[in-house]
Amino acid sequence: MLDILQMSIHPEEFEQLRICQMKQDGDYHAAFTVRGPHLIWPLASWGEPPVEQRLNVRGWFPLLDKIADEFLIWRPQGGCFFVSRDSVAYRVAEDDAREVLFMQLEMHRRPVVSSRQVEPRRAYLAT
């Protein structure tokens, strides 16, 4: 049995996944199709999409490549995976609504660094 990978990501990385989408899907943040270790399409497609939608986004974003590599461990034949705010899952077939969770995501906010402390000073008016 495979363990579900838990990954801490930054919001900027998460938004990159939506930037390269061919189609926006209201149910998920992003959806991708993996066809082997070198090909990721920026849409969910169980068949062959039209030629104009066959844009290979492998190598565009490190987070996307890491998710695709993990997906291929779970499903070596490839397929479609769906990214939501806190997880990534796949479906065995287009008409099967059940999802298999293979990765959990946790948003890692960058710490806010407060400005340096400044000693309060009083100004005196010289008379």
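The values are calculated or read from the model by the stated rules, or taken from the named source; none is laboratory data. Fair warning: this is a prediction, and the values are worked out from it, not measured in the lab. All Cβ positions, glycine included, derive from the backbone under ideal geometry; neighbour counts span all protein chains shown. When the accessible area is computed, the model is the full protein with side chains, heavy atoms only, and any ligands, DNA or RNA have been set aside. Shrake-Rupley method; radii C 1.70, N 1.55, O 1.52, S 1.80 Å.
Assorted remarks:
- A simple rule links phi to the HN-Hα coupling: the Karplus curve 6.51 cos²θ - 1.76 cosθ + 1.60 with θ = phi - 60°, which for segment 66-73 gives 5, 4, 4, 5, 5, 4, 5, 5 Hz, with x for Gly and Pro.
- Rolled with a 1.4 Å probe across the full set of protein chains, the surface gives LYS23 an accessible area near 110 Å².
- Backbone phi angles across segment 56-63, fed through the Karplus curve with coefficients 6.51, -1.76 and 1.60 (θ = phi - 60°), yield HN-Hα couplings of 7, 9, 4, x, 6, 9, x, 5 Hz in residue order; Gly and Pro are listed as x.
- Under the simplified labelling scheme, the GLN77-GLU48 pair shows an inter-label distance of 1.9 nm, with each label point 7 Å from Cα along Cα→Cβ.
- Order of exposure, largest accessible area first, which applies to ASP3, ASP65 with probe 1.4 Å: ASP3, ASP65
- Accessible surface ranking for GLU48, GLU13, GLU70, 1.4 angstrom probe, highest first: GLU48, GLU13, GLU70.
- PHE61, PHE81, reordered so the largest accessible area comes first (probe 1.4 Å): PHE61, PHE81
- Whole-Hz ³J(HN,Hα) from phi, Karplus 6.51 cos²θ - 1.76 cosθ + 1.60, for segment 17-23, glycine and proline x: 5, 6, 4, 8, 5, 6, 10
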